[in-house]
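Undergrad: I have a structure I would like to understand better, so I am pasting it below and will then ask my questions one at a time.
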Amino acid sequence: MTDCGVVLASAALGCALVLGPPAAVAQPAPVAVTGARILPIVGPPIDNGVLVIGGGRILAVGGPGTPIPPDAARIDAAGRVVMPGLVDTHSHVGGIGGADSSATIQPEVRVSDSINVRDSGFRRVVAGGITTMNIMPGSGHLLSGQTVYVKPRRGSTIEELTILDKDGKPMGGLKMANGTNPLRAPPFSGTRGKSAAMVRERYLKAREYGEKLAKAGDDPEKRPPRDLANDALLEVMSGARAVHHHTHRADDIITVLRLAKEFQWRVVLHHTSEAWKVAPQIAAAGVPVSAIVVDSPGGKLEASEMRWDTGAILEKAGVRVAFHTDDWITDSRLFNRSAALAVRAGMTPEGALRALTIEGARILDLGDRVGSLEPGKDADFLILSGDPLSVYTHVQQTWIDGRKVFDRDDPQDRLHAVGGYGAGNDQSPYFCCFDEQHAYGPVSGGGQ
Amino acid sequence: MNPLCLAAVAACIASQAAAQVAVRGQRVYTMAPGPNGQAAPPISDGVVIIEGGKVRAVGPAATTPVPPGFRVLSAAVVTPGLVDARSTVGLSGIYNQPHDSDQIERSSPLQPELRAIDAYNPQERLIEWVRSFGVTTINTGNAPGELISGQTMAVKTAGATVEEAMLKDATAVVATIGPQAQKGPGGPSATAPPDTSGKSPGTRGKMMSMLREQIIKAQEYSRKRASAPDDKKPERDLKLDALARVLAGELPLMITANRAQDIDSCLRLAEEFKFRLILNSAAEAYLLTDRIRAAQAPVVLHASMQRAVGESENLSFETAAALRRAGVLFAIESGYEAYVPKARVVLLEAAIAAANGLTFEQALASITIDAARIVGVADRVGSIEPGKDGDVALYDGDPFEYTSHCVGVVIGGAVVTDTPR
């Protein structure tokens, strides 16, 4: 075993020596972006500002007098707007497939084992200025698996995109859902009451597993056999892993809060068509909301009360709000639109921009790394043609970790930004079990 | 309610409908034809005088006096009431449940006899939703999804019954080419199992042959109905009646097709049978704009934010601009959505086109006068001109800007919305 490890390590070292350091670990040289109106998000806008990055991090943000290192490459962004890369707290890009139709609760399934990083969806993501995202399995289950937090870097494996915590562990949450999407024939639940009962039963089982583990201590004889599903649920109940909970109707939202209290979930409410009806209760629970803004209410019973002023109402109630694309429900290229339409319905522009950036970062436990332009944070930023809340504004460039990943002047990038022949999907998402019938419009009769 | 009260309510509604309204705008886009075939420039500080449900006058406020007693509405920008050239709202409902989903009948691939008028619910909540953004006319009806799925009609977004809402009871017979119209397993997924259902149509080739057969049948039927002696006349056939109207030039055939080869097939079919073709959705239209222009086929283009999946995977935000450059008459539709959002809003769709190569006025034309022309209702709606219906929309800024609001909607002189959205 030890010998094998040594051999592998040597092989890896040999590779590195032969190939030289791979591009992925090279430290980008300093870059200074000058002349733009900078929206740091955590402070007031800076006109004719300077953003200096180096080593993949932000080195300085300030006014025109900000010192620029002599070796820095300069980008003249006069007339442009510079802001942090956007954080999408709920996306399905990547041809994902989480839980299958065998059961309604599958905590052992990891969406990260299904992602095609070559999916053209990732190119549209960066065209929309999204630099951090939570990729989730679907909502056709009470619990459809583990989500993964990624940066849409250019890479050939999901490992190159995955965000690691300070211990080097992939970051992500757990996707749950209630309301009508997960309701179906057994072994799924058929009513809301049954849904909650099944969830409680499963978490109680995991709690007992946890108690056995604790009791066994270091004695391998006493330890219960390792159970991937229970392991994931224990991570949730210990607070290590957040629950990202699809929920729409007001009573369903309250049910989530009730279960969260019982099992100590660190929960994020997602979509929340009817959050406007129970904003004080959400505020009292201290739970953040990841909201969606779509072009009309309806499409299913639980979204028929969707309103554009959900963001405004939650903001006034003191709830922490982020937006999400739910891509393919809304298009990652137009993520800024969610915030703009929320402003149209009464949200403050400042709050709406925070909901595209820092609030999402906090929801993903990344508030110290992304979501604002501050020295020391990751160099994830956008150069925009104008006001981020205007329909006429285009993302000109997207940078992640100090590297440019999208440039509207590049013909291939532009193809994905506006569409056209060859921009099509490499692979479509698979949402067992509720959403698949809707993915391509009406399903023809016959053999289905 | 006693009869007296009912009469009072009716009188109130009638007076509302016939109200005298003046709409004043810092900029009034009439979309009326200008000197050189282009739309006339906007009127600065303009006013629209509406009386008896019709536009009586429009012009600069300085020279267009508002008669005494008129209710005056004001806004930054005034446009004609918006026209959605292809919708399913009213047949397809907000809840997306069987009881409010009448947009597609699945029992047969050939059903040109299905009228929109028999399935439209004027109380549908989504009608109020699209109206609140300024949409006053929708060409709505049977959705794409069968080889021939039925008909469309043009209605106003006000009225308690379909008759009250009616603008034109039949505007097109609608057809679909592509996997959406396919029977048996298949559809857009390349990994779908092979079709062994024995049902037709199962391929694009079969779709075209079935359409050609059906059209030839209608030709024969028309000929015999017109010329055969009474005892030899074929019996009335609603399907063939509808297609006969297409062949007679009374109704266009609007065909939903997205792949370039399917658009080409539509044009080939129209050339063979000389009917009026409207291309619908047409995601890859940018690949053959010259051919479309040469055929003089108007295009009702997919919603800009239509999902780029399946047959539409190669759609582009810039197709509208490409059609405009080529000189093709086009409109932008809300279309049909199977899921969320249940209804798109043409104002928001045209906005994306305005941000991707169309000028403001070109984008506005695609959801007003050009949409009205394609649907065949430009004599009534689509521009603000004396004699036309008193349908206008009011905005507190650039209507396409995300953060602007629609602050008023007038239909036939009646103020139907005055709360901002």
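The values are calculated or read from the model by the stated rules, or taken from the named source; none is laboratory data. Predicted, not measured: the structure shown is a model, and the values here were computed from it. Glycine gets a Cβ as well: all are built from the backbone with ideal geometry, and neighbour counts include every protein chain shown. Heavy atoms of the whole protein, side chains included, go into the accessibility calculation; ligands, DNA and RNA do not. Shrake-Rupley method; radii C 1.70, N 1.55, O 1.52, S 1.80 Å.
Undergrad: Mind pulling the angle between the C-alpha long axis of helix B:238-247 and the longest principal axis of chain B? Nearest 10 degrees, somewhere in 0 to 90.
TA: 70
Undergrad: What are the equivalent ellipsoid semi-axes of the protein assembly as shown, built from the alpha-carbon gyration tensor (square roots of five times its eigenvalues), in whole angstrom, biggest first?
TA: One finds semi-axes of 48, 33, 28 Å for the protein assembly as shown.
Undergrad: Another question about this same structure. Place +1 on the Cβ of every Lys and Arg and -1 on the Cβ of every Asp and Glu in the protein assembly as shown, take the dipole about the Cα centre, and give the residue among A:Ile58, B:Val346, B:Thr63 whose Cα lies farthest towards its positive end.
TA: The Cα lying farthest towards the positive end belongs to B:Thr63.
Undergrad: Among DSSP beta bridges lying fully in the protein assembly as shown, give the percent that are antiparallel, nearest 5.
TA: Restricted to the protein assembly as shown, the bridges split so that about 55 percent are antiparallel.
Undergrad: Kindly rank A:214-220, A:166-172 from highest to lowest mean number of other beta carbons found within 10 Å of each residue.
TA: Per-residue mean Cβ counts within 10 Å order the peptides as A:166-172, A:214-220.
Undergrad: Same structure again: Taking 8 Å as the Cα distance limit and 6 or more residues as the minimum spacing, I'd like the relative contact order of segment B:262-421 as a percentage. Let's see the in-between values first.
TA: Working: 263 pairs, mean separation 23.3, N = 160.
Worked out over segment B:262-421, it gives 15 percent.
Undergrad: Taking R0 as 56 Å, what's the FRET efficiency between B:Ser74 and B:Arg291 from their Cβ-Cβ distance, rounded to 0.05?
TA: It comes out at approximately 0.75.
Undergrad: So, one more: In segment A:85-369, what percentage of the DSSP-assigned beta bridges are antiparallel, given to the nearest 5?
TA: Restricted to segment A:85-369, the bridges split so that about 25 percent are antiparallel.
Undergrad: Taking square-rooted eigenvalues a ≥ b ≥ c of the alpha carbon gyration tensor, is segment B:315-421 rounded, prolate or oblate, where a/c under 1.5 means rounded and, failing that, a/b exceeding b/c means prolate?
TA: On the way: a/c = 1.60, a/b = 1.22, b/c = 1.31.
Judged from the Cα gyration tensor, segment B:315-421 comes out oblate (a/c at least 1.5, b/c at or above a/b).
Undergrad: Where the only charges are on Cβ atoms (+1 Lys, Arg; -1 Asp, Glu), what is the dipole of the protein assembly as shown about its Cα centre, to the nearest 20 debye? Intermediate results must be reported in sequence, preceding the final value.
TA: Working: 88 positive and 95 negative charges, 100 e Å.
With Lys and Arg at +1 and Asp and Glu at -1, about 480 debye.
Undergrad: On to the next question. Residue separation times 0.36 nm, minus the C-alpha to C-alpha distance between A:Glu201 and A:Asp219: what's the value?
TA: 3.7 nm
Undergrad: If you don't mind, another one. Which of rounded, prolate, oblate describes chain A, given a ≥ b ≥ c as roots of the alpha-carbon gyration tensor eigenvalues and a/c under 1.5 marking rounded, otherwise prolate only if a/b is larger than b/c?
TA: It comes out oblate by the Cα gyration axes.
Undergrad: Please check: in the Gaussian network model of chain A (C-alpha springs, under 10 Å), which one of A:Gln412, A:Gln397, A:Gln146 has the largest mean-square fluctuation.
TA: Highest fluctuation among the options: A:Gln412.
Undergrad: Let me ask something else about it. Work out the charge dipole of the protein assembly as shown with +1 on the Cβ of Lys and Arg and -1 on the Cβ of Asp and Glu about the Cα centre, then indicate which of B:Val173, B:Ile374, A:Gly318 is farthest towards its positive end.
TA: Value: B:Val173.
Undergrad: Follow-up. Ranked from highest to lowest mean number of other Cβ atoms within 10 Å per residue, what is the order of the peptides A:329-336, A:364-371, B:211-218?
TA: A:329-336, A:364-371, B:211-218
Undergrad: At a Förster radius of 45 Å, what calculated FRET efficiency corresponds to the Cβ-Cβ distance of B:Ala62 and B:Gln219, to the nearest 0.05?
TA: E between B:Ala62 and B:Gln219, to the nearest 0.05, is 0.15.
Undergrad: If you average the sequence gap of Cα pairs under 8 Å that are 6 or more apart and divide by the length of chain B, what percent do you get for the contact order? If you can, show how the numbers build up before the last one.
TA: Working: 1021 pairs, mean separation 83.6, N = 421.
Once normalised by length, the contact order is 20 percent.
Undergrad: What relative contact order, as a whole-number percentage, does segment A:85-369 give when Cα pairs under 8 Å and 6 or more residues apart are counted?
TA: 18
Undergrad: Label-point separation (nm) for B:Glu272 and B:Asp379, each offset 7 Å from Cα along Cα-to-Cβ?
TA: It works out to 3.3 nm between the two label points.
Undergrad: Run the reach check for B:Lys232 against lysines, Cα to Cα strictly under 29 Å, same-chain hits fewer than 8 apart removed. What comes back?
TA: By straight Cα distance, B:Lys232 reaches B:Lys217, B:Lys224, B:Lys274.
Undergrad: Okay, helix-only estimate at 222 nm for the protein assembly as shown: each DSSP H run of n ≥ 4 adds -39500 (n - 2.57), divide by all residues, round to 500 deg cm²/dmol; what do you get?
TA: Calculated mean residue ellipticity at 222 nm is -8000 deg cm²/dmol.
Undergrad: To the nearest 20 debye, what is the magnitude of the charge dipole of chain A about its Cα centre, counting +1 on the Cβ of each Lys and Arg and -1 on the Cβ of each Asp and Glu?
TA: 580
Undergrad: Have a look at B:Ser132, B:Val155, B:Pro234 and report the one farthest towards the positive end of the charge dipole of segment B:82-381, computed about the Cα centre with Cβ charges (Lys/Arg +1, Asp/Glu -1).
TA: B:Pro234
Undergrad: Round to a whole number: what % of the accessible area of chain B belongs to carbon and sulfur, probe 1.4 Å?
TA: Numbers: 8230 of 15720 Å².
Carbon and sulfur together cover 52 percent of it.
Undergrad: Kindly state, as a whole number, the per residue volume in cubic angstrom of the convex hull around the alpha carbon atoms of chain B.
TA: On the way: hull volume 70.6 nm³, N = 421.
Cα-based convex hull of chain B, divided per residue, equals 168 Å³.
Undergrad: Going down the list A:Lys169/A:Lys404; A:Lys194/A:Lys277; A:Lys151/A:Lys404, which pairs span over 19 Å between their C-alpha atoms?
TA: A:Lys169/A:Lys404; A:Lys194/A:Lys277
Undergrad: Considering only the other residues whose Cβ falls under 11 Å of the Cβ of A:Thr34, what net charge follows from Lys and Arg at +1 and Asp and Glu at -1?
TA: Neighbourhood net charge equals +1.
Undergrad: Here's a follow-up. Using only the Cα atoms of segment A:240-394, each taken as one equal point scatterer with no solvent, compute I(q) by the Debye sum, divide by I(0), and report log10 of the ratio at q = 0.16, 0.18, 0.21 Å⁻¹.
TA: -0.88, -1.10, -1.43
Undergrad: Inverting the mean 1/r over all pairs of different Cα atoms, compute the Kirkwood radius of segment A:260-342 and quote it in Å.
TA: 13.1
Undergrad: Oh, and also: R0 = 30 Å: FRET efficiency of A:Ser101 with A:Asp165, Cβ-based, nearest 0.05? Provide the component values of the computation, followed by the final result.
TA: On the way: r = 32 Å, r/R0 = 1.07.
Approximately 0.40, to the nearest 0.05.
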